[in-house]
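Input: a single structure, listed below in C-alpha cells.
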C-alpha cells in the first residue's frame, strides 16, 4: 500500500491548473488507500507545539480534576474520557488511551439544541488551565478551515463546484480530540494495541501524531502497514460517511494504533463533520447515469449517532433504555 505525501500549497493559490493537479492526486489516494499525508498547509509548527503542550498539561491534571468534566456528564459527548472508555474494536478490550473531546460550543438555550439533534450543545472545559477554552476554539476553527480546503479539492476532482461543501459547515459536528496513550509494559502483541482496528465514522479525519508513531493502516490483503510520523505534515483519511456519500468511490480504510515500545504517546485528530441536518446522499458524478446509488439518504447527525452508540458502552446502554 502506498500512502502518498501531497503538497496542498497550490490549493491556496489562484492557479486552476495547480489546484486541479492537487485535487486529482487527493482523489487518487482516496480511491486506492483512503489515506494520504499533506504538507504545505497553513497550520504552523509553533501552533502544533503549543497544542501538544496544552494536551500534556490537561492529561497531567489529577484524575479528580479531569473527572469533573467526565464525558458521561455530557448530553452531547463532550469532555474527558477515561482510559478504556472507548472500544473501537468490539472484539478486543477497551482502548488503552484517555481522551478529551470538544466541538462547536453552543449555549444550552440555542435553537439547534434538542432531542432531534442530540450532538449539539456546550463543551466541558477544565477550569484548572488558564485560557484553555480560547486556545482550543481557535485551533478548532483553523482545523475546520483546513478540512474544508481538502474537501474543496475533492469537489474539484468530482467535477462539481469547489464550494460545494462550504455551506454544509455552518454549525458543524466536527470534533477536536486530544488523545493520550499512557506508557505500559508490552509483553505480547495485544498489549501493544493502543486503539483497536476501526474505520472512522465521518467525513474526513486530519491527524497529528507525535514522534512515537504507532499508526497502522490495513491493506487489501489484511496486512498492517506503518504510517509513521513525518515532520510538519498531517495524515488524512476518509471516513465511513464520505465513503457512503461518494457511493464507495472513496475508501474508508481500517486502521489502528500499535505501539510495541509501550512508550507514552500523544495524538490530535480533528474529525471534519458537516451540519447535523446535512443530506448525505450520493454526491454528483459518483453514480453512473441511470444507476441506483448503493445507500439510502441519511442525515449526517443520524449517521453519527448510530456510530457513537455502537462504540461507547455508556451510550449504548442509554440508547437501549430509551428504546425500552
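Values quoted throughout were computed directly from the atomic coordinates according to the rules given, and no laboratory measurement underlies them. Given the structure is predicted, the values throughout are model-derived calculations rather than measurements. Glycine gets a Cβ as well: all are built from the backbone with ideal geometry, and neighbour counts include every protein chain shown.
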Suppose the chain between residue 70 and residue 306 were pulled fully straight at 0.36 nm per residue; how much longer would it get relative to their current alpha carbon spacing? 82.8 nm
Spatial separation of Cα centroids for segment 199-219 and segment 118-135, in angstrom: 24 Å
Per 0.36 nm of contour for each residue apart, how much would the distance between residue 129 and residue 50 grow if the chain were fully extended, relative to their Cα-Cα spacing? 27.1 nm
With only alpha-carbon pairs counted, each pair once and no self-pairs, how large is the Kirkwood hydrodynamic radius of segment 146-267 in angstroms? 16.0 Å
Paramagnetic label zone (point 7 Å from Cα along Cα-to-C-beta, residue 288; backbone N under 19 Å) in segment 240-270: 246-250
So for R0 = 25 Å, FRET eff. of residue 231-residue 14 from the Cβ-Cβ r, to 0.05, ends up at 0.30
To the nearest 0.05, the calculated FRET efficiency linking residue 261 and residue 1 through their beta-carbon distance, R0 being 22 Å, is 0.45
Restricting to Cα pairs below 8 Å that are 6+ residues apart, what does the relative contact order work out to for segment 5-323? Please round to a whole percent. 20 percent
Hey, with R₀ at 35 Å, roughly what FRET efficiency would residue 110 and residue 57 work out to, going by the Cβ-Cβ distance, to 0.05? 0.75
Between segment 137-169 and segment 229-255, what is the separation of their alpha carbon centroids in Å? 14 Å
